[in-house]
Amino acid sequence: MRVKICKNCKQKFTPSRPFQVVCSPKCAHEYSKAQQAKNKRKEKAVFYQSDKKTLMSKAQAIFNKYIRLRDEREPCISCGYTGKNRQWHAGHYRPQGRNGALRFDERNCHKQCSICNNHLSGNLVKYRESLIKKIGLEMVIELENNNEIKRWSVDELKEITFKYKNRCKESKNEK
């Protein structure tokens, strides 16, 4: 085989195996440690890039859980269903994909059955009627006119997660 340069100590050596990149077991051990450290740095960088996305999904999940707990004794805001044979969602009046500023607004989110939320696309006409009775026409108009663009920061998402985790615990303790 031809002579190679060791990836660890940079000395020339003749490899004894086809894909050998280091000259000795000692260099292999040091090279392996260096590669592991490099991989950890890469993983950490990827984690920080996806951290905001992960925090957003955690914050949304805990917020939705709180809404379902808060409205536990109330019927579906759209159709008035009170039975137990449906899955319950936290349905947004103004969809969170269209208006990020209202994503975590408690006035904009209420208990809704899965049929209204998924199959009837929120059943918004009935939702609006019930929402007016619940929070008043002025608040509904305020929600409808809010077109603010909001970019949630990592700190805000952590704060929201913490806030609604505590509210869920308090809500469970009250019952």
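The values are calculated or read from the model by the stated rules, or taken from the named source; none is laboratory data. The structure presented is a predicted model; accordingly, all values stated were derived computationally and were not measured. Note: ideal-geometry Cβ built from the backbone for every residue, glycine included; neighbour counts use all protein chains shown.
Select from the range 100-114 the residues that are among the small types (Gly, Ala, Ser) and in contact (Cβ under 8 Å) with a residue 40 or more places away in the chain and write down the one among them that is surrounded by the fewest Cβ atoms within 10 Å (Cβ to Cβ).
The residue in question is Gly100.
It is to be established whether one or more residues within the range 145-154 are at pLDDT 90 or above and in contact with a Lys or Arg (Cβ under 6 Å, 6 or more places away or on another chain).
No, because not a single residue in the range 145-154 is at pLDDT 90 or above and in contact with a Lys or Arg (Cβ under 6 Å, 6 or more places away or on another chain).
Conditions: (1) loosely packed, with under 11 Cβ neighbours inside 10 Å; (2) within 27 Å of the chain's Cα centre (by Cα); (3) not in a loop (DSSP other than H, G, I, E, B). Arg73 meets all but one. Number of the miss?
Condition not satisfied by Arg73: (3).
What single numbered condition from (1) modelled with pLDDT of 90 or more; (2) buried (at least 20 other Cβ atoms within 10 Å of the Cβ); (3) not small (Gly, Ala, Ser) fails to hold for Leu120?
Going through (1) modelled with pLDDT of 90 or more; (2) buried (at least 20 other Cβ atoms within 10 Å of the Cβ); (3) not small (Gly, Ala, Ser) one by one, Leu120 breaks only (2).
Name the residues in the range 99-130 that are closer than 16 Å to Val140 by Cβ and of a type in the set (Lys, Arg), would you?
Within the range 99-130, Arg107, Lys126, Arg128 qualify.
If I filter the range 137-144 for residues that are exposed (fewer than 11 other Cβ atoms within 10 Å of the Cβ) and closer than 27 Å to Lys53 by Cα, do I get at least one hit?
No.
Residue by residue through the range 123-156, note down the ones that are part of a loop (DSSP other than H, G, I, E, B) and within 27 Å of the chain's Cα centre (by Cα).
Selection gives Asn123, Asn146, Asn147, Glu148, Ile149, Lys150, Arg151, Trp152, Ser153.
Considering only residues of the range 1-33 that are aliphatic (A, V, I, L, M) and surrounded by 11 or more Cβ atoms within 10 Å (Cβ to Cβ), which is farthest from the chain's Cα centre (by Cα)?
The qualifying residue farthest from the chain's Cα centre (by Cα) is Ile5.
In the range 58-99, which residues are closer than 20 Å to Lys134 by Cα, without any contact (Cβ under 8 Å) to a residue 60 or more places away in the chain and among the aliphatic types (A, V, I, L, M)?
Correct list: Ile67, Ile77, Ala90.
For residues that are touching a helix residue (DSSP H, G or I) at 6+ places or on another chain (Cβ under 7 Å) and either buried (at least 17 other Cβ atoms within 10 Å of the Cβ) or at pLDDT below 90 (or both), tally how many sit in the range 77-95.
11
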